Amino acid sequence: MNLAAIVLLPFFGALLPLMLRHKTRIWITSSAALVTLASLTLLLLSAPETLGGGIPTLMVPWLPDLGLHFAMRLDGLSLLFAGLILGIGILIVIYAHYYLSSRDDSPRFFAYLLLFMGSMLGIVTADNLILMWLFWELTSISSFLLIGYWFQQSNARRGARMALAVTGGGGLALLAGILLIGNIAGSYQLDAVFAAADQIREHEFYLPALLLVLLGAFTKSAQFPFQFWLPHAMAAPTPVSAYLHSATMVKAGIFLMARLFPVLGGTPEWFIIVTLTGLATLLFGAYFALLKTDLKGLLAFSTISHLGLITMLLGLGSRGALLAAIFHILNHATFKAGLFMIAGIIDHETGSRDMRKLSGLRKAMPFTMVLAVITSAAMAGLPLFNGFLSKEMFFTESYQQDLFGGLSWLVPVLATLGGMLSVAYSIRFVHDVFFQEPAKDLPKEPHEPPLMMRAPVIVLASLCILVGVAPMLMVSGLLEPALAAVSGAAGQIDIAIWHGFNIPLLMSAFAIAGGIAIYIGRDELFTFNRQFDHHDAKEIFASVVKRTTTLSDALMLRIETGSLQRYIAALLVISLVFVIPELVKIKALTGDRPQLPVDFISMIGAVALILAAFGTAIFHRQRLTSLMMLSVVGLLVSLVFIRFSAADLAMTQLVVEVVSILLMILALFFMPQRIPRASSGRRVARDVLLAGFVGGIVGTLNYALLTRPANTISDFFLANSVPGGGGTNVVNVILVDFRGFDTLGEITVLAIAAAGIHKLLNNLRPFMPSSDVDGRPWHSTTHPLLVQVVAQTILSLALMVSVYIFLRGHNLPGGGFIAGLVTAAAMILQYMANGVDWVKNRFDYNYQTLTSVGVMIAFFTGIGSWVFNHNYLTSAFTYVEWPIVGKFELATAILFDLGVYLTVIGATLMILANFGQMTTRHRPRQEGH
Amino acid sequence: METLYAVTVGVLTACSVFLILRGRSFPIVIGITMLSYAVNLFLFSSGRLAIDQLPLIGHSETYTDPLPQALVLTAIVIGFAMTAYSIILAVRVRGEIGSDEVNEPDHSDSEGSR
Amino acid sequence: MLSQHLVILPILVPLFAALLQLLPWGENPQYYRRIIGLVSCVILVAISAGVLIASTEGPQVYALGSWQAPYGIVLVADRLSALMVLLTAILALPVLIYACYGEDNLGSHFQALFQFQLVGIIGAFLTGDLFNLFVFFEILLISSYALLMHGGGKLKLRACLHYVLLNLTGSAVFLISLGVLYGITGTLNMADMAVKVAALTGDDAIIARAGGVLLLVVFGLKAALLPLYFWLPQAYAMTTGTVAALFAIMTKVGIYAILRVFTLIFGAGGAEAAMLGYDWLWWLGLATLALGSIGAIGSRDMRLVVSYLVVISVGTMLTTFSMGNERATSAVIYYLVHSTLVTGALFLLVDIIARQRGKTASRIVKGRKLAQHAVLGMLFLVSAITVIGMPPLSGFIGKLFILEAARTGAQLALLWPLVLVSSFLVMVALARAGSRMFWHTFEGKAAEEKSPAGQIAAIALLLTGAVVMTLFARPISSYTDAIAADLMHPQTYISTVLNQSGGAHE
C-alpha cells in the first residue's frame, strides 16, 4: 500500500496548489513541497527493506484480460531512481519558488510539476510493463505541459510539441515492443518477464521487440539521432530544465534500458546497437556543447553527451559497466541539476544566458562561482569529485572491452576524446562566465541571489564532493541493490578513488590535458565550425509538420473531390465489385420454375416502358419533356402491377405518381428550364458504361430470382388473414395488422418529411422567374373559372370516393393511404384552381397538427391493445349487426388505418400547400419565436 | 415473360443510374424517382410473377405472394416522402446558391473549409 | 403492466414526444417542447438501463401485434442491442441539454426532429426484422436530412444535398438486396433468415451471398467505410455542433448492422454463405483507417479533424471486427462505446471553442483568446488524450484490446503499425490544433461572452464516460466479452426468437 501511496500522492497532490490558488505564493510552494516530502518520507520508510535485499511489491488486479495490473515494486533500481526523483524534486520545488516571478501562474506550474513527478515515480516503480508504459506516456504529456508553460513564447510552444511528438511517438513504438515481449512471456509482470528472458532472446520476434523498445528508450533519452528535441525543451522555465535533464525524463529511457537489460541485454544485437548509439551520442553531444554560446544550450548538449556515456556503458553490459552506468546516473543527476540551477541563477540575476555577453562575474557573485567550479569539476570528471569516479570506471570498461576485435582500440580512444571535450566545455562554463574582464552592458546589475535560491545548489555541490571523496560510505549501500536488480546477481561492489598508475588514469590525464588544449584553441574550432550551416531543429520540425499537412490536404482534396458523381459512382462501383465475383460463380442462371408465356399486351407495355425510360434519360436537358416521360413510366409501372395481380400497388402507384409529378412541376417553376451545356463525351460514355453494368447486374439478379421456385412465409398470411386479421384483402391486412409496425414507421417518415420540408421552406426566398423560358410573361388570369367549377365538383366527388376506398380497404383493394392521397389531390386542385386565400377562408386546418394527430391515432391504437394485456398493435375486431347496413365489421385495424388516412392528408398538404404558397404572401415562416 | 420483366427492370435501372450521374439536381431527382420505380418492380417481383391471382381471400383459388406487395407499398410511400424532400432541397439550393449544379464549380474555395 | 412492454418503450417514448412536439403550443412553444424533449430523454436513459438489465437474462423478444416470428415483426433486445440503445440514450441527454441553450432555435422543428432521430436509431438497434430495419433506417435518414440543414447557411447546402442524394441511392441498393434475400429465402426475420441461408446450397447460396454483399455496401455507407465515407467529413464539419454530436452514434448504426447481420446470417454458421465479406472489411477498414489519419493531419479546421477522427474509428472497428475472433469483437464493442462518447464530446467542445473564438471559429490558426480558457483547455486536453488513445483514459484501453486481438502474423504486421501510426498522426494533429487554439492567441483581452455552465457541464458529462470506462474497464470488458460470445454463437438468439409464442393469436 505504501508503494502505491508514494506514486499516487503527487497525482492527488497536484490538486493542492490549484485549490490554494487564492493564497499567497509561499502557501502554494509549501503545498507542493509538502506533497513531495510526504512521498519522500514514505519512500524512506520502505527503503530499509530494499537495502536489506528484499523487494517490497504491491499487486492490485485491474484488467486481467489485458494482463494490466496496478502492480508496484521497489527493488534497488527503483529505489535509486525514486530517491533521485524525489530528492532532487524537493530541491527543484524550493528553487522554483524563488525563480518564478510573481507574474507567473505558479499554481499551474506546481500542479504540472507534481503530475510529472508522479508519472516518473510510476515508471520506476511499476512492476507491470503496460503499467510502466502508461506512466511513460504520462511523462510525455506532463512534460509537454511543462515545456509549454510559457505558452506565449513561440519557441515554448514548438519545443513542447516537438518533445511530445518525439517522446510520445517513441512511446507508441515502446508499446508495440512491450506487447511483443508480453506475448512471448505470456505476462507483463516483471518477474514473469525476467523468468522468460532466455525464451525471449531466442524468439523470432526478439529483434523487432528490441528495436521497438530501444526506439522508445532512445527517443526519451535523446540518443542520436533523436537528440534534437532536448535542446528545445530549454524553452521551459529553468527549474523544469534542471529537473528534466538531471533526474527525470531523459533518465527514463536509461531506466528502461537498465530495467529490461536482464531480458533484452547481453546479445550481440543489443551490444552493437546500444554501444554504438551511446558512443555516437557521447561525441556528438560533447562537440556541440562546446560550440554553444547559451549557458543552458551548453548544459543541454552536455546532458546528451553524458546520456550517451551511460547508454554506452549499458551497451557494454559487463558487470563493471553496469555499475559504472548506475553510478554515473547518480553523479550526473547531482552535478547537472546543480549546474542548471546555477545557469538559472545567472540568468535570473544578470538577465542574460549568453556566454558572449557574460564574463567576470566572480566579483559580483563569488559564492555562486565556487558552486559553479565544484559542479563543473564534477562534470569534467576531475579527481576528488564524484564525476571522476564514474568517468574513471567508464574509461576502464571502454579499455577492457574487446568486442570489436582488431578495432577495439578505437573505443577507448574515442572515449578519451569525449572526455577531452567534456573537460573543455566544463572549463568554458566556468571561465567564460566568471573570469576575464567584468562584463558591461548586462541587462541587470549582477549580484548574489537570495540564500534560499542557492541552498539547493549547495546541497548538490556538497554531495558532489562527499561522494567524490567517500564513495563507499556514501552510495555503495544504494548501488549494490540497484546493481543486483540490473545485473540480476547480488554481490559486493568496490569503488576506490585510487587504483594506482594505470591506463584509465592515463586516459583521464589525457582527457584533462587535451580538454585544456581544446579550450585554449577553441576560437579556431569555432571558426572551423562556422563553415557548416546549422539548421534549427525547431524550424525543420515545423516545416516537416507543415509539409505533411499540406501534402495530406492536397491528397485528400484529390480523393474527396467534393463531386457527387464521384461519390455515387464509388457506391455503384463498389456494389459491382462486391457482387460480380459472386455472380460469376453461378452455374445455372435460369432456375427450374415454369415460366409464363409472353403475350402481346405485355410485350407492347414492356416496349413502351423501355422507350419511356430511355426518353426520360435522353431528354433530361429538356426538363418538362423528361418529366412527362417519367410520368409515362410511372403510369406504365402501375399497369405492370395490375397485370401481375397487385391492385393495391397499382392504385397507390397511380395516386403517388400524380402527386409527385405535381410536385416536380411546381419545382420546375423554380428551376432553370434548360441546361445550357452538355457534359463531355468521355463522361457520357463513362456514365453509360456504368449505368449499363448496374442495369445488367440488377436484371440478372432479377431474372435469376424470377425463374426460381419461391418458398415463402406468405401462406401464413393467406391462411390467417380472415380468421386472425378480419380482412379479405391480405395486402391491407398485412399493412395494418401483420406488419402494422412497418406502416407506423412509414407514416412517421411522412410526418418527418413534412416537418423537414416545412423547415426547408422557412424564410426561403426562392429563385422566381417572372416569365417562361422564351421570355413570355405568365398569363394574367391565375384562376380560370372553368377550372374552379370543375375543381369544386371534383372535391365533393373525391371526398366521397376516398371514404368509399377507405372503408372497403380492409377487404378489397384500397385503404387509408390511397384514400388519403385521393383527398389530398383533390385539395391540391382547390389550391391550384382557386388560390390560397380562397382555400384558407373555407377550410383553415393546421396541416402539421393534422399530421401529428394522424400518427397519434395509429400510435394509440397500438397502445390500446395494452389495456387487454396484449402486445403493441395487437388487433381486435368484431362483427356487429346494423339495422340497415346489415353485418358490418368493426376492427381496431380500421382505426389504425384512419390514422394513416389523416397523416397522409396532413403530410401531403403540408408539403404541397406550403410549397405551392412559396410565391404567395403565405410563405411559411419559422414558428416558435 | 420473366425475361421480358427482368430486361425491363434492368433497362429502367440503367436509365435512372445514368440520370443520377448527371451534374444537376433536377435530372438527378428524376433519376432517383425512376430508380425507385425500378427498385419497386424488383422488390415486387421477389414474390415471383403471377397473373389473375389477386391476394383477396375468396377471389380465386390460388393467390400470389401478398407480402412483397405490402413491402412495395411501404417502399412507395417512403420513396414519395424522400422524393418530395430531395426535390424541395434542390429548390432551396437553387434558391440560395442560384445554380442547380450539385458540385461547386471549382474546388479552390473548398480549401478554406479544410 | 409496462414491464412486459419494456422492450418497445425506447421506441415509443421518443416517438410520442416527437408527436407532441409537433403540436402547436401557443405563444411560446419552444419552452414546452424543450421540457417534453428533456423529459423524454431522461425517461429514455432510465428505461434503456432497464432493458439492459433485462437483456442479461438472455435476448428479450417482443412480438408486435402478437404475431410470432417469422411472420410478424419482432423486436429483439439482446445484450448488444440493449447496450447500443443505452449508449444512444446516454449520448442524447447531454447533447439535448447542450442544444437547449439556444441551438434549437436556429431553425424550426429541431426538438421534434431530434426525437424522431432517436426513434430511427433506437428502432434500428432493436428490430429483429430486416425490412423493418429498412424502415427505421429511413426514419433516421429523413430526420438526419432535416437536422443536417439545421441552422441554415449556404455552405452546408451542397454537403447536405450530397448526403441526401447519396443515401437515397443507398436506400435503393438496400431494397434490391432485400428483394434478393426475400426472393431466395422467403423470409424477412433475421433469425429465420439465418436458418434459411444456412440451409441454402449451390446457386441459391451464391445468390444469397450476392444479396448479402449488397447489404454490406448499404451498411458500409451508413458506417462511412471507404470508399463510401466521402460524404461524411464535409457534412459533419458543416452542420451545427449539436447535430454533429448526435451523429456520433449514426455511423455506429452501420457498424451495429454489420456486426449483427454478418455474425447472425453470414457469420461462421452461414454454411455456404459463411464469413461473407470479411476479407473486404479487413482491407477496406485498413484503408479507411489510413485515409482517415491522413485527413486528420491534413485538416485545417478543427471540426474537420474531429470528423476524420470518426472515420478513423470506423476503420479501426471494422478492421478489427473482420479478424473474426471473439476478443476482436469484444474489443470493437468496447471501442465503439468509447469513441461514440468522446467524439460526441469533441464536437460539442469544438462548437463552444468556435463560438468563443469569434470569426476565426474552429480554423486551426492563431486566434482570439477564449473567454473560458482554463476550463475549455482542460476539457480539450482530456478529450484529446482519450481520443488519441493515450493513458490514462478509456482510449488506451480500447486500443490495447484491439492490438491484443490481432493474432496471426499478418494481422500483427498490418494492424499494429497502422493503428499506432494513426495514433501518432492524430497526436501530432491535436497537439498542433490545441497549441494553436489555446496557446497561440492574440495579445489583448479575451472574448467577452462566456458559454453557459450547462453546456460545459454537458460536455463534462460525456467525458466522465471516458473516466468511468477506465475505472470500470474490468466489468465493462467482461460485458463486451459476453456480447462477443453471443455474436459468435447466435444459436441462443435464433432459438429464442423463433420459439417465442405470439400470444393473443394462439
Checklist outcome for this item: Mean other chain Cβ within 10 Å across C:193-206 is 2
Item to check | Estimated FRET transfer efficiency when R0 is 25 angstrom, pair A:THR57-A:LEU15 (beta carbons, to 0.05) | outcome: 0.35
Checklist outcome for this item: Flagged as over-length at 26 Å C-alpha distance, from A:LYS296/A:LYS440; A:LYS220/C:LYS399; A:LYS296/A:LYS363, the pairs are none
Checklist entry - What is the extension gain from A:THR849 to A:ARG103, computed as 0.36 nm multiplied by their sequence separation minus the C-alpha to C-alpha distance, in nm to one decimal? => result 262.3 nm
Checklist outcome for this item: Per its Cα gyration tensor (rounded if a/c is under 1.5, else prolate when a/b beats b/c, else oblate), segment A:633-749 is best filed as oblate
Next on the checklist: Given a 1.4 angstrom probe, what's the average accessible area per residue across chain B, in square angstrom?
Outcome noted: 22
Item to check | Accessible surface buried once C binds A (1.4 Å probe; total of both sides; Å²) | outcome: 10700
Next on the checklist: Quick check: the distance between the Cα centres of segment A:386-447 and segment C:102-167, to the nearest angstrom?
Outcome noted: 70
Checklist entry - Can you list the lysines whose alpha carbon is less than 17 Å from that of C:LYS222, not counting same-chain residues fewer than 8 positions off? => result C:LYS252
Next on the checklist: Can you list residues from other chains, or at least 5 along the same chain, whose modelled amide H is less than 5 Å from the amide H of A:ALA71?
Outcome noted: A:VAL60, A:ASP127, A:ASN128
Checklist outcome for this item: Residue by residue through segment C:472-487, the couplings from Karplus 6.51 cos²θ - 1.76 cosθ + 1.60 with θ = phi - 60°, in Hz, x for Gly and Pro, are 9, 4, 5, x, 4, 5, 5, 5, 5, 4, 4, 4, 4, 4, 3, 5
Next on the checklist: Give me the extension gain from A:ILE642 to A:SER462: residue separation times 0.36 nm, minus the current Cα-Cα distance, reported in nm with one decimal.
Outcome noted: 54.4 nm
Item to check | J(HN,Hα) series, segment A:731-745, from Karplus relation 6.51 cos²θ - 1.76 cosθ + 1.60, nearest Hz, glycine and proline x | outcome: 4, 5, 5, 4, 5, 9, 10, 4, 10, x, 4, 4, 5, 4, x
Checklist entry - Do any residues of segment B:72-89 lose at least 50 Å² of accessible area when the full set of protein chains is present rather than just their chain alone, and if so which, with a 1.4 Å probe? => result B:LEU73, B:THR74, B:ILE76, B:VAL77, B:ILE78, B:PHE80, B:ALA81, B:MET82, B:TYR85, B:ILE87, B:ILE88, B:LEU89
Checklist outcome for this item: Quick shape summary for segment C:339-460, equivalent ellipsoid via Cα gyration tensor, semi-axes whole Å in descending order, reads 33, 15, 10
Item to check | Principal-axis tilt of helix C:250-264 within chain C, Cα atoms, nearest 10 degrees | outcome: 20
Item to check | Hydrodynamic radius of chain C per Kirkwood, over alpha carbon pairs, in Å | outcome: 22.9
Item to check | Relative contact order of chain C, pairs being alpha-carbon contacts under 8 Å that are 6 or more residues apart, as % | outcome: 16
Item to check | 5 angstrom amide H check on A:GLN622, placed H, neighbours 5+ away | outcome: none
Checklist outcome for this item: The FRET efficiency for A:ASP354 and A:LEU37, from their Cβ-Cβ distance with R0 = 35 Å and rounded to 0.05, is 0.45
Next on the checklist: Using the basic label-point model (7 angstrom from Cα toward the beta carbon), what is the A:ASN841 to A:SER563 distance in nanometres?
Outcome noted: 5.6
Item to check | Those residues of segment C:161-176 whose amide nitrogen sits under 18 Å from the label point placed on A:SER679, 7 Å along Cα→Cβ | outcome: C:161-170
Checklist outcome for this item: Mean separation of Cα contacts under 8 Å (at least 6 apart) over the residue count of chain A, i.e. the relative contact order in percent, is 8
Checklist entry - What's the longest piece of chain A with no exposed trypsin sites (Lys or Arg not before Pro), counting a site as exposed if DSSP puts it in a loop and it has at most 11 other beta carbons within 10 Å? => result A:104-355
Checklist entry - In whole Hz, what ³J(HN,Hα) sequence does segment C:224-238 give by Karplus (6.51, -1.76, 1.60; θ = phi - 60°), x for Gly and Pro? => result 6, 9, 4, x, 10, 8, 3, 5, 5, x, 4, 4, 5, 6, 7
Next on the checklist: As a test of the definition: with a 1.4 Å probe, what buried accessible area, both sides summed, do you compute for B against A, in Å² to the nearest 100?
Outcome noted: 9000
Checklist entry - Hey, which lysines would be in cross-link range of C:LYS154, C-alpha to C-alpha under 20 Å, not counting anything within fewer than 8 residues on its own chain? => result A:LYS759, C:LYS359
Next on the checklist: Less than 16 Å apart at the alpha-carbon level, and either on another chain or at least 8 residues along: which aspartates and glutamates does that give for A:LYS251?
Outcome noted: A:GLU137
Next on the checklist: One quarter of the convex hull surface, Cα atoms only: what value does that give for segment A:548-700 in nm²?
Outcome noted: 14.3
Checklist entry - Shape of segment A:543-624 from its Cα gyration tensor (a ≥ b ≥ c, root eigenvalues): rounded if a/c is under 1.5, otherwise prolate when a/b > b/c, or oblate? => result oblate
Checklist entry - For the protein assembly as shown, what ratio Rg/Rh do Cα atoms give with a Kirkwood hydrodynamic radius? => result 1.06
Checklist entry - With labels modelled as points extended 7 Å from the Cα through the Cβ direction, what inter-label distance (nm, one decimal) is found for A:GLU448 paired with A:LYS585? => result 8.9
Checklist outcome for this item: With R₀ set to 60 angstrom, the calculated FRET efficiency between the beta-carbons of A:PHE600 and A:GLN792, to the nearest 0.05, is 0.90
Checklist outcome for this item: Placing each pseudo-label 7 Å from Cα in the direction of the beta carbon, A:LEU473 and A:TRP409 end up separated by a distance in nanometres of 4.2
Checklist entry - For segment C:383-506, what's the relative contact order in percent, using C-alpha pairs closer than 8 Å and at least 6 residues apart? => result 27
Checklist entry - segment A:161-197 to segment C:446-486: how many Å between their Cα centroids? => result 28
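The values are calculated or read from the model by the stated rules, or taken from the named source; none is laboratory data. All figures in this text were calculated on a predicted structure; none of them were measured in a lab. Cβ sites come from the backbone with ideal geometry, for glycine too, and all protein chains shown count toward neighbours. In case anyone asks, the SASA skips ligands and DNA or RNA and just uses the protein heavy atoms, side chains included. Shrake-Rupley method; radii C 1.70, N 1.55, O 1.52, S 1.80 Å.
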